[in-house]
Number of protein chains: 2
Amino acid sequence: MESDGRLTRGMLIQGALGEGKMLQGSLDSSGPRFTPLVVVELASDTKEEAIAWILSRIRDQQQNGGAELLVEQLGPGVGAQEKENPNMFLVGATRQRLLSGAEEVGLFKECNDGSMRGFTCANKHNFKDFEGDGDSFLNMAECQYIIKHELDTLRAKDETHVPGHTQVKLYPGKSIIRRLQSKGILIQIFPLHGQEELKRLSFSWYKKVKLSFQPLDNIRHYYGEGQALYFGFLEYFTFALVPMALIGVPYYLFDWEDYDKYVIFAVFNLVWCTVILELWKRFSASLAYRWGTLSRKKAFEEPRPGFHGTLGFNPVTGRKEPLYPNAKRQLRVYLVSLPFVLLCLYLSLYIMMIYFQMEGWVLSFHDEEPTFWTGILMFIPSIIYAVVIEIMNLIYRYAAEFLTEWENHRLESSYQNHLVLKVLVFNFFNCFASLFYIAFVMQDMVLLRQSLATLLITSQILNQFMEAFLPYWLQRRRNKKMIRKVQKRRTVEEKELPLAEQVRLEADMSTYLGTFDDYLELFLLFGYVSLFSCTYPLAAVLVVLNNVTEVYSDAFKMCRVFKRPFSDPAANIGVWQLAFEAMSVIAIVTNCALIGMSPQVKAYFTESETQLILWTVAIEHMLLAFKFILTFLIPDVPKHIQIKLARLEFESLEALKKKKMLEASDLSKTME
Amino acid sequence: MESDGRLTRGMLIQGALGEGKMLQGSLDSSGPRFTPLVVVELASDTKEEAIAWILSRIRDQQQNGGAELLVEQLGPGVGAQEKENPNMFLVGATRQRLLSGAEEVGLFKECNDGSMRGFTCANKHNFKDFEGDGDSFLNMAECQYIIKHELDTLRAKDETHVPGHTQVKLYPGKSIIRRLQSKGILIQIFPLHGQEELKRLSFSWYKKVKLSFQPLDNIRHYYGEGQALYFGFLEYFTFALVPMALIGVPYYLFDWEDYDKYVIFAVFNLVWCTVILELWKRFSASLAYRWGTLSRKKAFEEPRPGFHGTLGFNPVTGRKEPLYPNAKRQLRVYLVSLPFVLLCLYLSLYIMMIYFQMEGWVLSFHDEEPTFWTGILMFIPSIIYAVVIEIMNLIYRYAAEFLTEWENHRLESSYQNHLVLKVLVFNFFNCFASLFYIAFVMQDMVLLRQSLATLLITSQILNQFMEAFLPYWLQRRRNKKMIRKVQKRRTVEEKELPLAEQVRLEADMSTYLGTFDDYLELFLLFGYVSLFSCTYPLAAVLVVLNNVTEVYSDAFKMCRVFKRPFSDPAANIGVWQLAFEAMSVIAIVTNCALIGMSPQVKAYFTESETQLILWTVAIEHMLLAFKFILTFLIPDVPKHIQIKLARLEFESLEALKKKKMLEASDLSKTME
């Protein structure tokens, strides 16, 4: 059987390639006969029938249910070794196919009159950048997104299983790519980097030393809207913290312990947090409008690859699809996941108490015989605790992913929401519990300030290391190996790698897992700044500094460390907006409590502590009410964009009306 | 000129009637040659040219910019007198015109497969109740709504002013009806009651003595969705209060002063309030889905009749329209309206303080020589205060309407929101300020209970009187006059009035000003129940009793006292949902505070008042957080309706895709 398989292999693939040409070693310099956009890597033990079938389905015409894309096998690399996977395929498409795909995915592009409209092939000449045949109309990221969408919506017809793999069952309407992915036949599918564009982008992004805004439009052009919104938010957040940082500096320099001033700082802080979050919504709406994602309709969401259940009919689409009872999922969420999260929170509390015991031991040790070494020892528990927190966050993250996977959510968005919620709550608790304990149980403001500083600085250093330098170092090692391998075979005159090597190099790069961790980091930093801002005004300065380096290290890792991610047409930062707003609500409560507890404020209410607390609570409630009213009063979308959106809607309504009137008059004419 | 005018009058109208028949005395028995649906009353001093022009515009074909409706003048009544206005017109439409109008307004109707879809003439036979020519497909309220819409969108062509009234300026695209209305030429436009249907409805609604749900579908059928949602909410709210009332009764009967029990009652209350408001959203979504308003698209909103400004071009529609700078409006809102409201609130506080002084005088008077009369005197200040509150609310209402009108809002919805906000805040303050003062400043729970009871009962009695009995009595007097007048002329065998009399009778009826006052009343009652529920558990019982009578009196006044209102295709109770939710948030704060202040709870914290307050605040915050999480967790639309909506959207997406593919293949065929 084995030898048989090997015999038919070449023939089958040759057949599938259509024009009968095998792309082998020759490809490494000349490349395929189309611009390769996306790489599909199948497992090396995939049967030849399966490969031939997959390729033919990808190539087949749309009216036959195919994806009508171009696909070729990648030839072996220069240093072709036994362990190299031969089943790498390059996917591309004709210009015409990409344009019709752009219409299918509902891409919004700028028109000649400056408005954003859904692209249609019929009206293509109304669009601003459409020149000639429209060769440069779609950028590479858009093309790759379209190809991804076309591959994802490639559905089984009447196949009961993947040819050659009887265990990989199919049924009419099942997305082929998703099934291959969940069964491990499809190892990965990723878009290729555009070397030229990447070089230009990285130069304007992080290689310039001069201070300037990030090239958001270029980032969006290369990575898509989701990434660009993250970097936009990072930049916005950094600038928004600058006033807080500036006000914080004199507090630190002159060692102002005057709580009158702290009160002013805290109140400014709270109002500022609310205002910047509201203004971000407006700013992000402007960006999303400019990028055409604000009014873009979401396509119907398919079940995620890992979703399983008994086969049935989807009540919405009427398509055959696995169904999983919602009640069962709810049971899993409330009876397993929720208790697990609570247990983890308890564990985190327990570890926190150990930390405080350690802190106590060290302190007593230092008090007995204070030397230089015991002075240094004082910092050890905090640092250990900060490291332990990071490790716990990491472990919990895996557990949360496992649990959320097990909860078996039908939609990727629902999976993401449950994962974010789980991770968010634990991280929040883990990072801030000790600070809450110090602030409100021990009521030790000096220790609070010290702990806050230690935690903030340690976690910043750890993060930068884990996030950028470590992966970069690993990637660099891999790069060098590959370059050495290529150089072994031939003298490299051009600095660029041949395509086959470049593809294999990118295939080996780490996969970027989305903006989750980046947002989470910002969220925790926001917590450090806002929750206890009135005790440690320097926090904002540290966070601003961190964010500036973060921009560079994130940009660097996106350009050099990771595979290019598929663009994700986001219109806002989603659940994170909510998370940041929740944090700013909690910040109002903690800051009011801290101010109420301060000795200076207490001095005003010597006669009655009750009066003090009542005043604090009253002011807190007023601030909360004020925050909600402010949120309500500031419109989420700027006026000029509201008008543009209203105009679009009005025009479509009018067009519909006109069309109906025309149809009616046509009808009456034919009846006459 | 006068005699000239009178001479041409008959001729002009005769011309406008098209077939040259004058409808006069003969109409009262035979009626016009179509079902009259809507009455348009023009001022008696309207020039003949103007009338002829208006009628011709209403009758003109749609392609000429007319409304293509049927319209006839109402003949004089039986007791025709000098002062009777002759310019009353009956408007109707052909069946075909009504169906095409239904498509234009985007009416949703039930299909054969049970789903709700937008009606289109092309697919008319797919709709469930469409039989034969579709004579009974649209109900009377829908027909009247369509006619109203067609009249409202009747636009000026190139007229510069209304013929015969040079001061009534027009410009292309201006809604004629709105201009006539704002200039006082159009006195009123109202739909006719359907006597048969009204009789049936009123019988099943309030004339039956047996306990049953209200016939919501019939109410919606007759009055439209906005009214039906109000009555649905009234009924839902009443049933939702029953458990609270049942639990409250033993507290009153056994005089339980045990605060442990009060705490349980209050906590139950708070959770209950949140849950019922969330469930109402779901229930209202079900109703709105069944009535076809949930997914119905809102038409583009025209400026309200009273809106004025310099003529310019609307940035959305491109139509000529008055424009008024938003900044100017904001200035009026923040520099005039806001200070005015604050001043009124201060005034209300001032009057409250006078009340407490009066209360003090009476008490001291009673304490000096307690007699039976001084005992009765004790109640006088509360009753006077309750009456004064109602009067102040009434006066303020007029002021708020004037101010909001003066703010010159472009849209009716924006006008309504500003008005509701103004009235809501003042009414809330006016009704509850004294209770807050007694509860939290005087901390006198006995007085609080007494005041709550007095205020609640007095305002209930006043409301029922002002709302139903007074208008009914006035209407009854008018009715009798009319019947006497008719009887004078001829012996009335049939009990029904002739059409001309019926129309004039309805024209004289009071105009129903919308659900505003009804919701406001419910809102205040909800406040009485929820804000201080733990001191007066009987409040729920009183409110339930009030609501039961309210159903009857509101039903009665809708059927007998008021002109029929135009139906209003509402999908929810709008801003009132928000208002009720805000009230339930405030209720959490007040109830926690009340419980914290109770002597029984204080007894637990004898050693430290601080501890008590901290606990109270902590529990309050937890309850608030719990409330928000609950609001977040309970989906606003029931699952099965979500699925139906998703299916509709999916189908339209698929249809669009299929259409595009067909067009593409057509194109390629023609190119071959």
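Read-outs throughout are calculated quantities, based only on the coordinates presented, and are distinct from any laboratory measurement. Please read all numbers here as calculations on a predicted model, not as lab measurements. Quick reminder, even Gly has a Cβ in these numbers, built from the backbone with ideal geometry, and neighbours come from all protein chains shown.
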Pull up the DSSP beta bridges for the protein assembly as shown and report the antiparallel fraction as a percent, rounded to 5. 95 percent
Quick one: which residues, 5+ away or cross-chain, put their amide H under 5 Å from the amide H of residue B:564? H built at 1.01 Å from N. B:193
The answer for the longest stretch of chain B without any exposed chymotrypsin sites (Phe, Trp or Tyr not before Pro) (DSSP loop, at most 16 further Cβ atoms within 10 Å) is B:380-604
Inter-copy label distances at residue A:136 (7 Å, Cα→Cβ; nm, one decimal): 6.8
Work through the residues other than residue A:127 whose Cβ is under 14 Å from its Cβ and net out their charges, Lys, Arg +1 and Asp, Glu -1. -4
Working from Cα positions, state the angle (0 to 90°, nearest 10) between the long axis of helix A:259-290 and the longest principal axis of chain A. 10 degrees
Along the Cα→Cβ direction, 7 angstrom out, place labels at residue B:412 and residue B:461. What is the inter-label distance in nm? 3.8 nm
On a 0 to 90° scale, report how tilted helix A:470-489 is relative to the longest principal axis of chain A, with both axes built from alpha carbons and the result rounded to the nearest 10. 30 degrees
Using Cα atoms only, what is the angle between the long axis of helix B:225-253 and the major principal axis of chain B, expressed in degrees (0 to 90) to the nearest 10? 20 degrees
If every alpha-carbon in chain A counts as one equal scatterer, what log10 I(q)/I(0) does Debye give at q = 0.05, 0.12 1/Å? -0.31, -1.43
Defining the label point at 7 Å along Cα→Cβ, can you sort the distances from residue A:60 to the same site in each other copy, shortest first, in nm? 5.9
Residue-by-residue Karplus 3J(HN,Hα) for region A:358-363, coefficients 6.51, -1.76, 1.60, Hz, glycine and proline x: 4, 4, x, 4, 4, 4
With each label point set 7 Å from Cα along the Cα-Cβ vector, what nm distance links residue A:363 and residue A:157? 7.6 nm
Which FRET efficiency value, to the nearest 0.05, do you get for residue B:476 and residue B:454 by plugging their Cβ-Cβ distance into 1/(1 + (r/R0)^6) with R0 = 30 Å? 0.45
Copies compared at residue B:84 - label distances in nm, ascending, label defined 7 Å from Cα in the Cβ direction: 10.3
Could you run the Karplus curve 6.51 cos²θ - 1.76 cosθ + 1.60 with θ = phi - 60° over region A:347-356 and give me ³J(HN,Hα) per residue in whole Hz, x for Gly and Pro? 4, 4, 4, 4, 5, 4, 5, 4, 4, 5
Cα gyration tensor shape of region B:548-592, rounded if a/c is under 1.5, else prolate or oblate by comparing a/b with b/c: oblate
Could you give the spread of the C-alpha atoms of region B:38-192 along their three principal axes, from largest to smallest, in whole angstroms? 55, 41, 22
If amide hydrogens are placed 1.01 Å from N in the peptide plane, which non-local residues have theirs closer than 5 Å to the one on residue B:411? B:304
Gyration tensor verdict on the protein assembly as shown (Cα atoms; rounded if a/c is under 1.5, prolate if a/b is larger than b/c, oblate otherwise): oblate
Please report how many Lys pairs in region A:38-192 have alpha carbons closer than 28 angstrom, counting only residues at least 8 apart along the chain or sitting on separate chains. 22
With θ set to phi - 60°, apply the Karplus curve 6.51 cos²θ - 1.76 cosθ + 1.60 along region B:507-522 and write out the HN-Hα couplings as whole Hz, x wherever there is a Gly or Pro. 4, 7, 5, 5, 8, 6, 8, x, 7, 3, 5, 5, 5, 4, 4, 4
